[in-house]
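Here is the structure we will look at.
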Amino acid sequence: MTLSDAFRPASDIRINPSILAADFVNMQADLARIGTADFAHVDVMDNHFVPNLTFGLQMVERVQATSPVPLDVHLMIDDPARWAPGYAELGAASVTFHLEAATEPVALARALRAIGARAGVAVKPGTPVESLFDVLDEFDQILVMTVEPGFGGQSFMPETMPKLALLSAEARRRGSAVWLQVDGGISESTIAQAAEAGADTFVAGSAVFGAHDPDAAIAALRSTAQQHAH
């Protein structure tokens, strides 16, 4: 078993709350409220690749030390080949970089896997996915953004679903074990649509952290996704 295999949850449906919607002042307490999640999703933005600035390595290291679940780090940054390995080295379970920012995505994925993290690649809503078909198994996860990356709280873009369905069909045709993740506007009202299109890993921010009972919200999202999954 590889180190990345150790981060493989038992369920076929994964719910990853985004800490972008958490209380930054009380981050440790908010993280303690999502113990039934599969991963904590951490958005790293550099104010260059996207017009927003969030966490860096030091902050993610502190989150890593206090989170009850493994970290799923999403790098919305320029030059991921330079920075992504550092997040794997600090112990993040999964590190996803953007296809649009990577000059050699397969080489970077292999480097992340060699460190022990699961390697993911993300695509913006307008980016075609066909170039990934022949290299599906170089990645542990493909993230289809269902909003334009950069800010939390945006509305789900249903026009991204055909692209997700294409990836899902190709993965099934090839017998690939790649996880298909969606991020942006995921709630009880949109998760069914994403699951029907083939997603199995769901990032939800305000739908979890904005709920009175985050664990109940996670359970409801998971149940709805399971009912509509392939």
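The values are calculated or read from the model by the stated rules, or taken from the named source; none is laboratory data. Computed from a prediction, not measured in an experiment: that's the story for all the values here. Ideal geometry is used to build each Cβ from the backbone, glycine not excepted, and the neighbour counts take in all protein chains shown.
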| task | Take GLY175 and decide whether it is surrounded by fewer than 22 Cβ atoms within 10 Å (Cβ to Cβ), over 22 Å from LEU20 (Cα atoms) and in contact (Cβ under 8 Å) with a residue 40 or more places away in the chain. | result | no
| query | If you take the residues of region 137-165 that are small (Gly, Ala, Ser) and closer than 16 Å to VAL42 by Cα, which of them is modelled with the highest pLDDT? | reply | GLY150
| message | With among the aromatic types (Phe, Trp, Tyr) and modelled with pLDDT of 95 or more as the only criterion, which of PHE133, PHE55, PHE49 stands out? | response | PHE133
| message | outside any loop (DSSP other than H, G, I, E, B), over 16 Å from the mean Cα position of the chain (by Cα) and surrounded by 15 or more Cβ atoms within 10 Å (Cβ to Cβ): is that true of GLN193 in this structure? | response | yes
| note | If we ask which residues in region 86-102 are of a type outside the set (Val, Ile, Thr) and assigned to a strand (DSSP E or B), their number turns out to be 3
| request: Residue by residue through region 134-190, note down the ones that are closer than 18 Å to ASP72 by Cβ, assigned to a loop (DSSP other than H, G, I, E, B) and among the hydrophobic types (A, V, I, L, M, F, W, C). | output: PHE139, VAL147, ALA177, VAL178, ILE186
| task | Tell me, yes or no, whether region 86-94 has at least one residue that is closer than 26 Å to ALA207 by Cβ, hydroxyl-bearing (Ser, Thr, Tyr), in contact with a strand residue (DSSP E or B) (Cβ under 9 Å, 6 or more places away or on another chain) and touching a residue at least 40 places away in the same chain (Cβ under 8 Å). | result | yes
| message | Here is a check on your reading of the model: is GLY198 modelled with pLDDT of 95 or more and touching a Ser or Thr at 6+ places or on another chain (Cβ under 6 Å)? | response | yes
